[in-house]
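So the structure is just underneath, and the comments pick up after that.
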Amino acid sequence: MLGIIWLTIKLAGITTILLLILATPLAWWLARGRSRWKTPIGALVALPIVLPPTALGFYLLIALGPQSPLIALLHPFGVRTLAFTFQGLVIGSLIYSLPFAVQPLRNAFIAVGDEPLEAAASLGASPWSAFRKVALPLALPGYAVAALLVFAHTVGEFGVVMMLGGGIPGQTEVLSIEIYRLVEALEWDKAHQLAGALLVFAFLVMLSLLLMERRIDARASRS
């Protein structure tokens, strides 16, 4: 059981760290860019919110499987498939949880507004310096929200993990898969314990988000 918990935390932690990095330029562009492609790309980023996880997992299974043209590009490096591997789960989790990182960061960057950036530019700051020293600190509450959402969402994901990982013990079996396995085996007591623990975890995450939102609103009203 400890191995399953550790694998779940490892998957959620890696996904959270990578998404906070990868989603930042995309969220900044969606918040500040003027391209006509913003709307369709924004819709594509948000697609995992409404797409059934099993459908997403199915297409990821094809894309990361041994017959995929994408994987064929990795054959010279000795990679034959990423399906049913932990690395494949990380890729699936990055795609599945992408909107839960992008949307809070996008909202945070929009909330920064033009004035702080224009003030920084008037003082001679480069765009990168203005982003790093002005926009990024002001958007930190958005990063906290994104981190909580991505971590919790990854811990609770089932459909993508089942389709792409298959629940292999020690490799791709996470808590959500273990609950399913326990129910199938009619081990109700153990399933109750795990499901109850995840229920408490989910409640604490939502409580933290609401408290964080109240703090952000209070800070905004004071300013």
Checklist line | Residue pairs meeting the criteria (Cβ under 6 Å; at least 6 apart or on separate chains; first touching a residue at least 24 places away in the same chain (Cβ under 8 Å), in the range 159-186; second surrounded by fewer than 16 Cβ atoms within 10 Å (Cβ to Cβ) and part of a helix (DSSP H, G or I)) | finding: GLY159/THR54; MET163/THR54; MET163/PHE58
Checklist line | the range 59-90, subset part of a helix (DSSP H, G or I) and in contact (Cβ under 8 Å) with a residue 40 or more places away in the chain, residue surrounded by the most Cβ atoms within 10 Å (Cβ to Cβ) | finding: LEU89
Check: GLN67 versus (1) more than 17 Å from SER93 (Cβ to Cβ); (2) under 17 Å from the mean Cα position of the chain (by Cα); (3) of a type outside the set (Phe, Trp, Tyr): which is the lone unmet condition?
Finding: (2)
Checklist line | Odd one out for PHE151 among (1) touching a Ser or Thr at 6+ places or on another chain (Cβ under 7 Å); (2) crowded, with 19+ Cβ neighbours inside 10 Å; (3) at pLDDT below 90 | finding: (3)
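Criterion first (among the aliphatic types (A, V, I, L, M), out of contact with any Asp or Glu (no Cβ under 8 Å at 6 or more places or on another chain), modelled with pLDDT of 90 or more and part of a helix (DSSP H, G or I)) does LEU19 satisfy it?
On the way: among the aliphatic types (A, V, I, L, M): yes; out of contact with any Asp or Glu (no Cβ under 8 Å at 6 or more places or on another chain): yes; modelled with pLDDT of 90 or more: yes; part of a helix (DSSP H, G or I): yes.
So LEU19 fits the description; yes.
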Notebook entry, point to check: Which residues, counting only those in the range 79-93, are in contact with a Ser or Thr (Cβ under 6 Å, 6 or more places away or on another chain) and on the phi > 0 side of the Ramachandran plot?
Noted result: none
Check: Within the range 19-29, is there a residue that is under 30 Å from ILE179 (Cα atoms) and surrounded by fewer than 19 Cβ atoms within 10 Å (Cβ to Cβ)?
Finding: yes
Margin query: Against the definition (under 23 Å from LEU22 (Cβ atoms) and among the aliphatic types (A, V, I, L, M)), how does ALA120 come out, yes or no?
Written below: no
Notebook entry, point to check: Of all residues in the range 185-223, how many are exposed (fewer than 10 other Cβ atoms within 10 Å of the Cβ), at pLDDT 85 or above and of a type in the set (D, E, K, R)?
Noted result: 1
Check: So PRO99 clears everything in (1) in contact (Cβ under 8 Å) with a residue 60 or more places away in the chain; (2) within 27 Å of TYR59 (Cβ to Cβ); (3) buried (at least 18 other Cβ atoms within 10 Å of the Cβ) except one condition, right? Which one?
Finding: (1)
Check: Could you count how many residues in the range 23-55 are at pLDDT 90 or above and among the aromatic types (Phe, Trp, Tyr)?
Finding: 2
Note to self: Condition first: over 19 Å from ALA152 (Cβ atoms) and either of a type in the set (A, V, I, L, M) or surrounded by fewer than 14 Cβ atoms within 10 Å (Cβ to Cβ) (or both). Now tell me which residues in the range 172-184 satisfy that.
What the structure shows: LEU182, VAL183, GLU184
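If I filter the range 91-131 down to residues being in a helix (DSSP H, G or I) and among the hydroxyl-bearing types (Ser, Thr, Tyr), which single residue comes out as nearest to ALA27 (Cα to Cα)? First the steps, then the outcome.
So the first thing to find is which residues in the range 91-131 are in a helix (DSSP H, G or I), and the list is 91-112, 115-122, 127-131.
The next check asks that each one be among the hydroxyl-bearing types (Ser, Thr, Tyr); those that pass are 93, 96-97, 122, 129.
Values: SER93: 18, TYR96: 16, SER97: 14, SER122: 24, SER129: 18 Å.
Applying the filter and picking the extreme gives SER97.
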Check: Which residue pairs have Cβ atoms under 7 Å apart, sit 6 or more places apart or on different chains, and have a first residue in the range 30-51 that is farther than 19 Å from THR154 by Cα and a second that is surrounded by fewer than 16 Cβ atoms within 10 Å (Cβ to Cβ) and among the hydrophobic types (A, V, I, L, M, F, W, C)?
Finding: ALA31/ILE110
Check: Got a sec? Which of PHE58, PHE84 is over 15 Å from the mean Cα position of the chain (by Cα), modelled with pLDDT under 90, closer than 22 Å to SER176 by Cα and hydrophobic (A, V, I, L, M, F, W, C)?
Finding: PHE84
Next item on the list: Can you tell me which residue within the range 172-184, out of those that are at pLDDT 85 or above and closer than 13 Å to GLY3 by Cβ, is farthest from the chain's Cα centre (by Cα)?
Entry: GLU178
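The values are calculated or read from the model by the stated rules, or taken from the named source; none is laboratory data. Everything quoted here is computed from the prediction, not taken from an experiment. Because the Cβ atoms are built from the backbone with ideal geometry, glycine has one as well, and the counts that use them run over all protein chains shown.
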